[in-house]
Every structure is written in structure tokens, then in C-alpha cells.
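*Asks:* One structure, pasted below without further comment.
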Amino acid sequence: MNTKTNQQPPKPKQSDVKPEQKAETVQTEPKATPAKMAEEIAHWKDLAMRATAEAENIKKRSAIDIAKANRYAMGSFAKDLLPVADSLEQALSYTRQEIDKEKAAGKQINPVLENLFKGVEMTANNLTTALKKQQIERVNSLGKVFDPNIHKVIQEIPDTSKAAGTIVQELQPGYTIGGDRVLREALVIVSK
């Protein structure tokens, strides 16, 4: 006895399907009129134009973000170099004072001191040039009106010769990067 266990019932042949059943299985689409086709074309054209515009906007925003990231990438490293610039400035100031003392005393300037001054000055100029190449510049504060965005007040002193809020002394110079972003605030003393 040959019995098949998972037999499926035979499919009806196309000739066995009645015309009423054929109508049920076939879906008819309404005829597309030229107006409907034009409307659909306009819809898809609008979507394509919007997608293209959005892609262009993303491209422009990405270019701006990349430019900013490149411009500010050196910020952290440069901020670490600012104390070096401060130290060089202090060395120049101290050496200048010592040279002036020797001149005032009528002594001949010590050649070691003079060479030290020239070497420190060259090093400071090289550092300033390197910082400027990266768009990192020192903020000139003396005599200017206090700006909380780029200055930090350490002390106020009475000074009737200047308007209140005028910077009379700079304890630590401030720096900007890219001309619009503060890398380090200037520490200043202002008049009352």
C-alpha cells in the first residue's frame, strides 16, 4: 500500500476557475489621467528637489564644521604653550630691567646678559610667529574698557584720571584663536 502522508489537494487548473472567481482575484487600477500623472510627476520632482537641497545644506554645514574643527584643533595644544610665552615675556622684562640698571649706573653691559636678552627675544618672536600662523593672537588690553568676554578682573583700584572700568594693568595677557574665540582670558586690574 503506497500512501503519501503530506499530500496537498491538487490546484485547480485555469480552465476550472470560473469567470466570477477570476474577477475577484484581479485588481483593476483606475486609468491614470494626464492630470493625475502630471500631479504625481510634480510631487516626485518636488521631493527630489527637496532631497537635493537638503544634501547641499548638509554638505555646507559639514564643510563649516570641518573648518571650525581644523581651526580650533590646535586650541588645546596652544593653551598649553601660553605659559611658555608668559615665561619668555617675564625673562625679557627682567633682562631688560637689568640692562637698564647697568646703563643707568654707567657700567658696560655684560655681554652674557646682552646675548641672553637677544636669544630670549628671538625665541619669543619665533613662538609669537608660530602662534599667529595658527590664528592665535594676544589680546591688547591696556587702556581699553573692561569686556567680561575676554577679561577677568582681579582687582579694582581708584583712579580719577581714567573712566571707571578702564584697564590700568594687565597681570596676564589674554589670547584669542581664530579672532572670535577666547583661548585664555586676560587677568586685569581696572579703575573704579
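*Asks:* Filter the range 60-77 down to residues that are modelled with pLDDT of 85 or more and of a type outside the set (F, W, Y) and give me whichever is nearest to N115 (Cα to Cα).
*Replies:* Ranking the candidates gives I66 first.
*Asks:* Within the range 122-139, can you find the residues that are surrounded by fewer than 11 Cβ atoms within 10 Å (Cβ to Cβ) and under 21 Å from the mean Cα position of the chain (by Cα)?
*Replies:* K133 - this is the single residue of the range 122-139 that is surrounded by fewer than 11 Cβ atoms within 10 Å (Cβ to Cβ) and under 21 Å from the mean Cα position of the chain (by Cα).
*Asks:* So which pairs qualify, if the first residue must be in the range 55-83 and farther than 15 Å from R181 by Cβ, the second must be surrounded by 10 or more Cβ atoms within 10 Å (Cβ to Cβ) and not small (G, A, S), the Cβ gap must be under 8 Å, and the two must be at least 6 apart or on different chains?
*Replies:* Within 8 Å, the pairs are L81/L127; L81/L131.
Residues checked against (1) closer than 20 Å to Y175 by Cβ; (2) at pLDDT below 95:
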position: P34; (1), (2): no, yes
position: I58; (1), (2): no, no
position: K79; (1), (2): yes, yes
position: A91; (1), (2): yes, yes
position: G106; (1), (2): no, yes
position: T123; (1), (2): yes, no
position: L131; (1), (2): yes, yes
position: R138; (1), (2): yes, yes
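Okay, residues lined up against (1) touching a Phe, Trp or Tyr at 6+ places or on another chain (Cβ under 8 Å); (2) part of a helix (DSSP H, G or I):
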site: L81; (1), (2): no, yes
site: S87; (1), (2): no, yes
site: R96; (1), (2): yes, yes
site: I109; (1), (2): no, no
site: E114; (1), (2): no, yes
site: N125; (1), (2): no, yes
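*Asks:* For the range 160-167, does any single residue satisfy the condition of being within 23 Å of E89 (Cα to Cα) and part of a strand (DSSP E or B)? Give the derivation first.
*Replies:* Filtering the range 160-167 for residues within 23 Å of E89 (Cα to Cα) gives 167.
With part of a strand (DSSP E or B) added as a condition, the list becomes 167.
Looking for residues that are within 23 Å of E89 (Cα to Cα) and part of a strand (DSSP E or B), one finds at least one in the range 160-167, hence yes.
Here's the yes/no breakdown for (1) of a type in the set (S, T, N, Q); (2) part of a strand (DSSP E or B); (3) surrounded by fewer than 17 Cβ atoms within 10 Å (Cβ to Cβ):
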| position | (1), (2), (3) |
| --- | --- |
| S141 | yes, no, no |
| P148 | no, no, yes |
| E156 | no, yes, yes |
| E170 | no, yes, no |
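The values are calculated or read from the model by the stated rules, or taken from the named source; none is laboratory data. Fair warning: this is a prediction, and the values are worked out from it, not measured in the lab. Here the Cβ is made from the backbone with ideal geometry for all residues, glycine too, and neighbour counts use every protein chain on show.
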